[in-house]
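Working notes for the structure below.
The values are calculated or read from the model by the stated rules, or taken from the named source; none is laboratory data. Model, not experiment: these values are computed from the prediction. Glycine also receives a Cβ, built like all others from the backbone with ideal geometry; neighbour counts cover every protein chain displayed.
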Amino acid sequence: MNYKKQWTILAISVISLQSFFINTAIADSAAPAHVEAIKGSELSRVTLSEQAFKRIDIKTTQVQELASDGVAQKQKTIPYASVLYDKHGKTWAYVKTKTRTFVRQSIGIVRIDGDQAILSNGPAIGTNVVTVGVAELFGSETGIGH
């Protein structure tokens with residue numbers, strides 16, 4: 001009789017542990033974002049799961065070249081919606097590096113013209129920058145809001 005109780009307790013323990021590890025694996029595989037530190041940098045690469053990418057509905061546009069009156073050189077411009085200010089007032093934009101993968105890049109702003117930010121430095125012309133989902137990417141990267 002004593003052995004029967006011990007085997008029952010052992011079986012319940014094994015099933016409980018197995019259930020715990022299966023649920024943990026499912027939760028880990030369903031993480032909305034994978035954040036990977038970029039060596040030699042304070043920045044991270046944020047890769048969204050397919051579900052998170054759809055849920056956030058990330059939108060991007062290309063960095064454009066703008067010819068301004070009275071300015072000899074053409075300037076780079078991005079939508080103001082792409083601009084992120086950190087707690088120190090530094091300006092950033094998220095660039096798309098691969099499918100569902102984004103990296104924050106430092107930008108310099110000359111001026112804001114309506115809904116456009118005119119850049120002194122930043123991503124190359126033609127680079128895809130995030131216009132919708134900037135705050136969500138920053139939260140995923142830094143852990144803010146989690």
Within segment 123-135, tally of residues that are under 18 Å from the mean Cα position of the chain (by Cα) and either more than 27 Å from residue 54 (Cβ to Cβ) or among the small types (Gly, Ala, Ser) (or both): 2
Selected residue (criterion: surrounded by the most Cβ atoms within 10 Å (Cβ to Cβ)) from residues of segment 36-54 that are of a type in the set (D, E, K, R) and touching a residue at least 12 places away in the same chain (Cβ under 8 Å): 45
Within segment 115-146, considering residues that are in a loop (DSSP other than H, G, I, E, B) and at pLDDT below 95, the one farthest from residue 86 (Cα to Cα): 146
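Per-residue answers, yes or no, for (1) aliphatic (A, V, I, L, M); (2) touching a residue at least 12 places away in the same chain (Cβ under 8 Å):
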| site | (1), (2) |
| --- | --- |
| 74 | no, no |
| 78 | yes, yes |
| 87 | no, no |
| 100 | no, yes |
| 107 | yes, yes |
| 110 | yes, yes |
| 120 | no, yes |
| 124 | yes, yes |
Positions within segment 66-85 being exposed (fewer than 15 other Cβ atoms within 10 Å of the Cβ), at pLDDT 95 or above and not hydroxyl-bearing (Ser, Thr, Tyr), in sequence order: none
Filter pass, residue 98 being of a type in the set (Lys, Arg) and surrounded by fewer than 14 Cβ atoms within 10 Å (Cβ to Cβ): yes
Out of 125, 107, 112, sole residue that is among the β-branched types (Val, Ile, Thr) and surrounded by 16 or more Cβ atoms within 10 Å (Cβ to Cβ): 107
